[in-house]
Amino acid sequence: MTKAGKVATLTRGQAARIGRALGARPARPRPGGQAARMPFVLLVVALLAGGLISLLLLNSALNEGSFQLSRLKKETTALTDEEQALQRDVDAHSAPDALQRRARELGLVPGGSPVFIGPDGTVAGSASAAEAAPSPTPTPPPAQAGAGQPPAPAASNQPVPSGAPAAPGPTQQPNQPPGR
């Protein structure tokens, strides 16, 4: 091998070191190198801008979701309050004293003793008509009646026989069947 053959096999880095050692000026960068870097820089800037825009869009979508969540929580609270108020009303109307008062207003009377029918058709107990309870509101005395009005008839709290028709009185509603 000749010496010239050895120089030809030197790498670029080795040749640069030898040139610096000999005092040679460094080679000028090629103008094509800067032009080759420009697309890479533009690509990095475009990726950064795209990432920033996507983060802004994601942030605004999350904010919109949080506003919607807040609105739905307020709506849920209002509906829960309304449900509790309605439940209090139902509880008030289902109380035994309220049911009894409403039944009296409708003209219902407490039932008598129950009668049971067995599977073979036998009847246990005795059936009887329910008796009307005395009216909870007293009738006005005759002295309080107006001068041009006749005094009110006295109310009898006697049970009506089941076969006799009864005239509507202060203790019986006009649309109520007789004997009930």
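The values are calculated or read from the model by the stated rules, or taken from the named source; none is laboratory data. Since the structure is predicted, the reported quantities are computational estimates derived from the model, not experimental observations. For accessibility, only protein heavy atoms count, side chains too; no ligands or nucleic acids. Shrake-Rupley method; radii C 1.70, N 1.55, O 1.52, S 1.80 Å.
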Item to check | For the stretch 46-58, Karplus couplings with θ = phi - 60° (6.51, -1.76, 1.60), whole Hz, Gly/Pro x | outcome: 5, 5, 5, 5, x, x, 5, 5, 5, 5, 5, 5, 5
Checklist entry - Can you list the HN-Hα couplings for the stretch 69-75, worked out from phi with the Karplus curve (6.51, -1.76, 1.60; θ = phi - 60°), rounded to whole Hz and with x for Gly and Pro? => result 4, 5, 5, 5, 5, 5, 5
Checklist entry - Heavy-atom accessible area of GLU131 with all protein chains present, probe 1.4 Å, nearest 10 Å²? => result 120 Å²
Checklist outcome for this item: The ³J(HN,Hα) series, computed from each phi in the stretch 103-120 with the Karplus coefficients 6.51, -1.76 and 1.60 at θ = phi - 60°, rounded to the nearest Hz and given as x for glycine or proline, is 5, 5, 4, 7, x, 7, 10, x, x, x, 6, x, 10, 10, 10, x, x, 8
